[in-house]
Every structure is written in C-alpha cells, then in structure tokens.
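Just below is one structure, and these are the notes that go with it.
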Amino acid sequence: MQFKEVFGQEQAKARLIKSVKDQRISHAQLFFGLPGTGKLPLAIAYAQYICCTAPKEDDSCGVCPSCVKFAKLAHPDLHFVFPVVNLKQAGSKPVSDDFIARWREAVIAHPYISEHQWYEVMGAENKQGFISRSESSAVLRKLSLKSYESEFKVLVVWLAEKMNASAANSLLKLLEEPPQKTIFLLVSENTDLILPTILSRTQMIRIPPLDPQSIREGLQQRYPGKEEIVQDVIRRSNGNYSTAVQLMESDELDNAHFEEFVFLMRKCYMREIIEIQKWTERIAGWGRERLKMFLTYGLRLIRENFMLNLQHEEITFMSRKESEFSQKFSAFIHQGNVFGMAHEFERAIDHIEANGQAKIVLLDLAIKNILLLKQIQ
Ligand SMILES: [Zn+2]
C-alpha cells in the first residue's frame, strides 16, 4: 500500500516521510484517532516506505521487489497482530496467524476495514475479538529472528486496545528492550484502554477525522459514476471513510431493491402472471440473506406508503426516487390492505428464514399481493 492510496492526511504523511529521510524513525509509534480515518493504511504505507529499496520523494516506488510483496501484504519482514475470535471450542487459543490469509485479502480489498467488518470476515459478528497472551509468544518468536530482506522488521498491531492484560505486559517488555532493528506501529481507536506505561513508550501520532474532500476523492475512486449519492453519503459519514463505504453499499443495494419492488408491484397490479413467474425465478437465485434484505426493504416501503396515504409525509423517510414513485403508489396502500400486505411480507421473510423454497415463497407473496392491491379502501 502506497501513501497515494491513503486519502487526505497530508500532515501525517509529511511527518512520516520526513522521519525516514532524516533517519529518525522512532521504534515505537502509535497511530490513534476515530475509526475510518485511515490509521491502518497509513501504518502499512509507512512500513512500505521504510522498506522500499528505491523510495521516491513522497512515496514508495511501488515496483521494487519489496513493494511488490507489500502490495500483497506478504513481505517477510512485515508482521501483523490484530484481534481474533475463538471460533472453536472454549480453551483453544487462536492467534493472528490462524487468520492471516483472510486478513490479507480483507485489508487489500478494503484498507479502511472497520472492527465490525473484520469480525464479519472471520465469521463471528456477535463475538468480541481479543489479542491474547498466546499472540505475544508468536510475536516474540518472529521478532527474535533477524530480518529477512529489509533493514527493519515491522510489527503492525491493529487495535492495540484489544490486548488483554498479559498480552499488554509482554508487549511492554518488548518496547522496553526492543529487539534490534524492529519498528512497532500500533493502531488504536481508544487509547484509554491501553496501559499508560505502553503509551509513554510510544510516539503518539493523532490521525484526525477525514475532511469531506478526501472522502469524496475516496468514494469517486471506488464508485465511479455514482455522484448523485456521494454527496449525501459524505454528509452522513462524519469523517469516517469506513462508514461512507458502508453507506454507499447499502444505498446501492436499496437502489437495486427499489427497482425490483417497483417491478413486482407493477406486474401484480397488471396481473401479469407469466412475467411474475419469470421474476421469481430470477430473484430466487439471490440466496437467503439477500432475499431477506429485499423483503425487509419491501416491508419498509409499504409502511412508508401507508403513512403517505394518511397524509403524514413529514414522518416518512424516503429517498428522492422512492418519493417520486410513492406519489402515485401510495394511493394503493390504505387501511383496507396495509396490514394484509405487511403480514404477507413478514410471512415470506419467516419462510425464507426457515429455508422455504424461494420460488414458491415469492410466487405465493406475489399472488397475495395481486388480490390485496385490488382491494378497495
Ligand atoms: Zn519500492
């Protein structure tokens, strides 16, 4: 990862680059600040710059053998520690290395990955991650070896506040008597949870929330041609790029769900059974989770339209596109059928949840809607 891939944060970049040029790289540094500001990508870009064999004025070269390995996060002198969860039985002691392949893939795909997103990648949304004592022994072993290819070994500790007391104590020992030519780059979102003795041994670098322009730059690169939602997402993201990406993705999905919902309602209203059948075959392939999201979306739009029908526009929360469609559609959602329609969508969600055959569930839902839409007020 190069500095140019990190959005904004010009001050921090300049400071880090200067430390390398002046040959004053502090052996323990802590990047701290709110989530989604680019602390992890900055730490990796910095490590890459330190190890690059042909660094340029303001970035690593991107093409030397060291940079090529860094791009895959697989340089032998680059080590990672991050919170992991226990997916097996109690008592087993997972360490970062157990998840390293998934970590590399996830961070390369989304360097601004949030803590929660990482837990999702590990398949453990509802568990809390931790950095345990077993991690420290793995680290000790790695750092006691000589560096393989670069002058320095670099250890990046992501979310250092997740260290438990004994992991923290052994890191403290390492910081007090650092192995030769080793650089510790700690990343934290909550320094209150880190031992003060560790904090006092690191050079602390505050990474501020991202300015709107940097977030815009990031979103434009990742989602070209989506200008109409970018502006709104920037406003809602609060300087957190990770949130911005999440919002973009849920908006994209809502957009797709909107199109399908409108299609279904039109076909139901016209009673075009053949078209409806083709539609159920297409949508059934989405898979259970996505189908549940679509049905939940439909349920929301039905409720919003009923509110609109009751002239309560002030308490509806719809996008511009949804509002435009609902100007006419709301006339068809009234007290005579809203409960029935909501009930049918809820029932479909339950059936999908219980592994019901998607095609049959969707067709059943459509037929009920045909009848309900014709119902008079
Ligand atoms: Zn290079």
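The values are calculated or read from the model by the stated rules, or taken from the named source; none is laboratory data. Here the structure is a predicted model, which means the values were calculated and not measured. Cβ sites come from the backbone with ideal geometry, for glycine too, and all protein chains shown count toward neighbours.
For region 51-72, name all the residues that are touching a strand residue (DSSP E or B) at 6+ places or on another chain (Cβ under 9 Å) and surrounded by 21 or more Cβ atoms within 10 Å (Cβ to Cβ).
Keep residues of region 51-72 that are touching a strand residue (DSSP E or B) at 6+ places or on another chain (Cβ under 9 Å), which gives 51, 69-70.
Result: Cys51, Phe70.
Tell me, yes or no, whether region 273-292 has at least one residue that is part of a loop (DSSP other than H, G, I, E, B) and modelled with pLDDT of 95 or more.
Applying the first criterion (part of a loop (DSSP other than H, G, I, E, B)) to region 273-292 yields 285-287.
From the residues that got through so far, the ones that are modelled with pLDDT of 95 or more too are none.
Scanning region 273-292, I find no residue that is part of a loop (DSSP other than H, G, I, E, B) and modelled with pLDDT of 95 or more, so the answer is no.
Exactly one condition in (1) more than 25 Å from Asn240 (Cα to Cα); (2) away from the ligand (no atom under 16 Å from the Cβ) is not met by Trp103; state its number.
Condition (1) is where Trp103 drops out.
Of the residues His79, His75, which single one is at pLDDT 95 or above and more than 28 Å from Ser214 (Cβ to Cβ)? Working first, answer last.
Details: His75 fails: more than 28 Å from Ser214 (Cβ to Cβ).
Just one listed residue meets the conditions, His79.
For region 326-341, enumerate the residues that are in a helix (DSSP H, G or I) and within 18 Å of Phe258 (Cβ to Cβ). Outline the logic, then answer.
Just the residues of region 326-341 that are in a helix (DSSP H, G or I), to begin with: 326-332, 338-341.
Within region 326-341, Ser326, Gln327, Lys328, Phe329, Ser330, Phe332, Met341 qualify.
Listed residues Gly33, Gly38, Gly62; which is modelled with pLDDT of 95 or more and within 16 Å of the ligand (Cβ to nearest atom)? Write out each step before concluding.
Numbers: Gly33 fails: within 16 Å of the ligand (Cβ to nearest atom); Gly38 fails: within 16 Å of the ligand (Cβ to nearest atom).
So the residue among Gly33, Gly38, Gly62 that is modelled with pLDDT of 95 or more and within 16 Å of the ligand (Cβ to nearest atom) is Gly62.
Filter region 15-40 down to the residues that are part of a helix (DSSP H, G or I) and touching a residue at least 24 places away in the same chain (Cβ under 8 Å), then identify the one that is surrounded by the fewest Cβ atoms within 10 Å (Cβ to Cβ). Steps first, answer last, please.
Residues of region 15-40 part of a helix (DSSP H, G or I): 15-21, 39-40.
Narrowing further to those that are touching a residue at least 24 places away in the same chain (Cβ under 8 Å): 15-17, 20, 39-40.
Working: Arg15: 12, Leu16: 23, Ile17: 20, Val20: 15, Lys39: 28, Leu40: 23.
Residue satisfying both the conditions and the ranking: Arg15.
Consider region 162-181. How many of its residues are surrounded by 15 or more Cβ atoms within 10 Å (Cβ to Cβ) and of a type in the set (Ser, Thr, Tyr)?
Here the count works out to 1.
List every residue pair whose Cβ atoms sit under 6 Å apart, with the two residues 6 or more apart in sequence or on different chains, where the first one lies in region 62-91 and is polar (S, T, N, Q) and the second, anywhere, is within 15 Å of the ligand (Cβ to nearest atom).
Ser66/Cys51; Ser66/Cys52; Ser66/Thr53
Of the residues that sit in region 86-100 and are surrounded by fewer than 19 Cβ atoms within 10 Å (Cβ to Cβ) and in a helix (DSSP H, G or I), which one is nearest to the ligand (Cβ to nearest atom)?
So the residue we want is Ile100.
Are any of the residues in region 118-134 in the same structural domain as Leu40 (by TED's automatic domain parsing), in contact with a helix residue (DSSP H, G or I) (Cβ under 7 Å, 6 or more places away or on another chain) and closer than 25 Å to Tyr49 by Cα?
Step one: list which residues in region 118-134 are in the same structural domain as Leu40 (by TED's automatic domain parsing), which gives 118-134.
Of the ones still in play, those that are also in contact with a helix residue (DSSP H, G or I) (Cβ under 7 Å, 6 or more places away or on another chain) are 118, 121-122, 125, 127, 129-133.
If we keep only those that are closer than 25 Å to Tyr49 by Cα too, we end up with none.
Among the residues of region 118-134, not one is in the same structural domain as Leu40 (by TED's automatic domain parsing), in contact with a helix residue (DSSP H, G or I) (Cβ under 7 Å, 6 or more places away or on another chain) and closer than 25 Å to Tyr49 by Cα, which makes the answer no.
Do we have any residue at all in region 218-229 that's under 30 Å from Asp77 (Cα atoms) and surrounded by 18 or more Cβ atoms within 10 Å (Cβ to Cβ)?
Yes, region 218-229 contains at least one residue that is under 30 Å from Asp77 (Cα atoms) and surrounded by 18 or more Cβ atoms within 10 Å (Cβ to Cβ).
Just one of Ala47, Ala43 is crowded, with 23+ Cβ neighbours inside 10 Å, in a helix (DSSP H, G or I) and more than 16 Å from the ligand (Cβ to nearest atom); which is it? Steps first, answer last, please.
Values: Ala47 fails: more than 16 Å from the ligand (Cβ to nearest atom).
Exactly one of Ala47, Ala43 is crowded, with 23+ Cβ neighbours inside 10 Å, in a helix (DSSP H, G or I) and more than 16 Å from the ligand (Cβ to nearest atom), namely Ala43.
Inside region 28-67, can you point out the residues that are of a type in the set (D, E, K, R) and either within 17 Å of Asn190 (Cα to Cα) or out of contact with any Lys or Arg (no Cβ under 7 Å at 6 or more places or on another chain) (or both)? Give the derivation first.
Step one: filter region 28-67 for residues of a type in the set (D, E, K, R), giving 39, 56-59.
Once the filter is applied, which keeps residues that are of a type in the set (D, E, K, R) and either within 17 Å of Asn190 (Cα to Cα) or out of contact with any Lys or Arg (no Cβ under 7 Å at 6 or more places or on another chain) (or both), region 28-67 yields Lys39, Lys56, Glu57, Asp58.
Hey, can you tell me all the residues within region 118-161 that are within 21 Å of Leu40 (Cβ to Cβ), polar (S, T, N, Q) and crowded, with 16+ Cβ neighbours inside 10 Å?
Matches in region 118-161: Ser132, Ser136, Ser150.
Given (1) of a type outside the set (S, T, N, Q); (2) at pLDDT 90 or above; (3) over 30 Å from Ser26 (Cα atoms), identify the lone condition not met by Glu249.
Condition (2) is where Glu249 drops out.
Inside region 65-85, can you point out the residues that are closer than 14 Å to Met1 by Cβ, more than 22 Å from the chain's Cα centre (by Cα) and more than 10 Å from the ligand (Cβ to nearest atom)? Before you say what the answer is, go through the steps one by one.
Filtering region 65-85 for residues closer than 14 Å to Met1 by Cβ gives 66-75, 78, 80.
Then drop every residue that is not more than 22 Å from the chain's Cα centre (by Cα), which leaves 66-69, 75, 78.
Answer for region 65-85, where residues must be closer than 14 Å to Met1 by Cβ, more than 22 Å from the chain's Cα centre (by Cα) and more than 10 Å from the ligand (Cβ to nearest atom): His75, Leu78.
Between residues in region 242-254 that are crowded, with 17+ Cβ neighbours inside 10 Å and residues that are among the small types (Gly, Ala, Ser), which pairs lie under 6 Å by C-beta distance while being six or more apart or on different chains?
Pairs that qualify, where the first residue is crowded, with 17+ Cβ neighbours inside 10 Å and the partner is among the small types (Gly, Ala, Ser), are Ser242/Gly36; Ser242/Ser114; Thr243/Gly36; Thr243/Ser237; Ala244/Ser237.
I'd like the full set of residues that are surrounded by fewer than 14 Cβ atoms within 10 Å (Cβ to Cβ) and either touching a Ser or Thr at 6+ places or on another chain (Cβ under 7 Å) or in contact (Cβ under 8 Å) with a residue 24 or more places away in the chain (or both), limited to region 193-202. First the steps, then the outcome.
Step one: of region 193-202, the residues surrounded by fewer than 14 Cβ atoms within 10 Å (Cβ to Cβ) are 193, 196-197, 200.
Result: Leu193, Thr197.
This table checks each residue for (1) touching an Asp or Glu at 6+ places or on another chain (Cβ under 7 Å); (2) under 23 Å from Tyr119 (Cβ atoms).
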site	(1), (2)
Lys21	no, no
Arg24	no, no
Gly33	no, yes
Lys39	no, yes
Ala47	no, no
Asp77	yes, no
Phe80	no, yes
Val95	yes, yes
